[in-house]
Amino acid sequence: MPRYSFLALLLLAAVAAAEAPDADEILIRQVVPDAEAEEDHVLNAEHRFSTFKAKFGKSYATKEEHDHRFGVFKSNLRRARLHAKLDPSAVHGVTKFSDLTPAEFRRQFLGLKPLRFPPHAQKAPILPTKDLPKDFDWRDKGAVTKVKDQGSCGSCWSFSTTGALEGAHYLATGELVSLSEQQLMDCDHVCDPEQYGECDAGCGGGLMNNAFEYILESGGIQREEDYPYTARDGTCRFDKSKIAATVSNYSVVSLDEDQIAANLVKNGPLAVGINALYMQTYIGGVSCPYVCGKHLDHGVLLVGYGEGAYAPIRFKKKPYWIIKNSWGENWGVKGYYKICRGQNVCGVDSMVSTVAAIHS
């Protein structure tokens, strides 16, 4: 993009931080020249689309649908190139979502409801931060289940919820149990909108704190194997005789990265919200975009933190959070996302919850 100065790029990038759902697409149209044919040649779009279809098992019912998806794919190639410029410490490119428009991606894979804290949500106590380890990862300590896949369903909130409780249950009992997202999908609907805001609605989205409240009030949650995931809304089949874990309390962590780290180390993996703008094209590295909105639209699990080389300044160490996602192991770095710590990037510090499980 030699015709655009770095300052102009940042000014245009500000559009992407706006609340309008199509802001990122507007940014692409502004930054990318109209000579799409020339750029398609540079990007080698046809070959890459063939590779994409083979790698992810994509097929389309009609030629019209195929051609439409190819057009979307080319747009996402340009979008990935833009993300790479706005987020140079990460790697952006073709992912399994590259044939989806940003609107389709949001509708199918994002589902975080607007934030409102339920009545039992308390503020987490302030913890000491002086002796925090430099690097920490709950995966190394056996508190994290395998990466799961929510499918084409806005159920991210339920995976964030179960991930946090799986870790808390492990700390309380020494047993790592995969818990049922589908129970939350099917059963966690009844609430008072005056207290809770928007109620949890299965594939239609939800909020982790609401789900913790449901588990607290219902008495517990079943194992995933007893109540398996279907990626669609269903009728509640909760069996209290098969409860595998339950919540004793949960709390909201302050907007302070040292306190978030301290709660992570002491209490286990944390349920967090994030703005997923850059995640559709993310392949690897540490995501640290120059501009990212604080509107939270995706629920994920914070499992650790570390420090690594930060491109393009290769010799500078940059701290980052380690995020477990719910889009399968064939996304990101085997299902994980690294996002830099500092300045609440993409709103990652804005909605953080810790949960405690009842001891056996």
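The values are calculated or read from the model by the stated rules, or taken from the named source; none is laboratory data. Here the structure is a predicted model, which is why all the values come from computation and not from measurement. Here the Cβ positions follow ideal geometry from the backbone for every residue, glycine too, while neighbour counts run over all protein chains shown.
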**Asked** So Thr51 fits all but one of (1) of a type in the set (Ser, Thr, Tyr); (2) surrounded by fewer than 18 Cβ atoms within 10 Å (Cβ to Cβ); (3) under 18 Å from the mean Cα position of the chain (by Cα); what number is the exception?
**Response** (3)
**Asked** Within the stretch 290-305, can you find the residues that are modelled with pLDDT under 95, in contact with a Ser or Thr (Cβ under 9 Å, 6 or more places away or on another chain) and buried (at least 22 other Cβ atoms within 10 Å of the Cβ)?
**Response** Leu296
**Message:** If a residue counts only when it is modelled with pLDDT under 95 and of a type in the set (Asp, Glu), which helices (runs of 4 or more DSSP H) contained entirely in the stretch 32-112 have at least 2 such residues?
**Reply:** 36-43
**Item:** Candidates Ala231, Ala262, filtered to the one that is touching a residue at least 12 places away in the same chain (Cβ under 8 Å) and either assigned to a helix (DSSP H, G or I) or more than 19 Å from Gly299 (Cβ to Cβ) (or both)
**Value:** Ala262
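Here is a yes/no grid of residues against (1) among the basic types (Lys, Arg); (2) in contact with a His (Cβ under 8 Å, 6 or more places away or on another chain); (3) at pLDDT 95 or above; (4) farther than 17 Å from Ala271 by Cα:
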position	(1), (2), (3), (4)
Ala168	no, no, yes, no
Leu171	no, no, yes, no
Cys191	no, no, no, yes
Leu216	no, yes, no, no
Gly220	no, no, yes, yes
**Message:** Any residue in the stretch 68-91 that is over 12 Å from Tyr290 (Cα atoms) sitting within a Cβ distance under 7 Å of a residue that is small (Gly, Ala, Ser) and part of a loop (DSSP other than H, G, I, E, B)? List the pairs, counting only those 6 or more apart or interchain.
**Reply:** Phe73/Ser98; Asn76/Ser98; Ala80/Gly93
**Asked** Taking the stretch 161-178 as the search range and keeping residues that are over 15 Å from Gly206 (Cβ atoms) and of a type in the set (A, V, I, L, M, F, W, C), which one is farthest from the chain's Cα centre (by Cα)?
**Response** Ala172
**Asked** Tally time: how many residues in the stretch 200-228 are buried (at least 22 other Cβ atoms within 10 Å of the Cβ), in a helix (DSSP H, G or I) and of a type in the set (A, V, I, L, M)?
**Response** 3
**Request:** Starting from residues that are within 19 Å of the chain's Cα centre (by Cα) and surrounded by fewer than 23 Cβ atoms within 10 Å (Cβ to Cβ), keep the ones in the stretch 234-259 and report whichever is modelled with the lowest pLDDT.
**Result:** Leu255
**Fill in**
Note on the stretch 328-347: residues of a type in the set (Phe, Trp, Tyr), surrounded by 22 or more Cβ atoms within 10 Å (Cβ to Cβ) and out of contact with any helix residue (DSSP H, G or I) (no Cβ under 7 Å at 6 or more places or on another chain) are Trp331
**Asked** Within the group Leu176, Leu127, which residue is over 20 Å from Tyr214 (Cα atoms), surrounded by fewer than 20 Cβ atoms within 10 Å (Cβ to Cβ), in contact with an Asp or Glu (Cβ under 8 Å, 6 or more places away or on another chain) and of a type in the set (A, V, I, L, M)?
**Response** Leu176
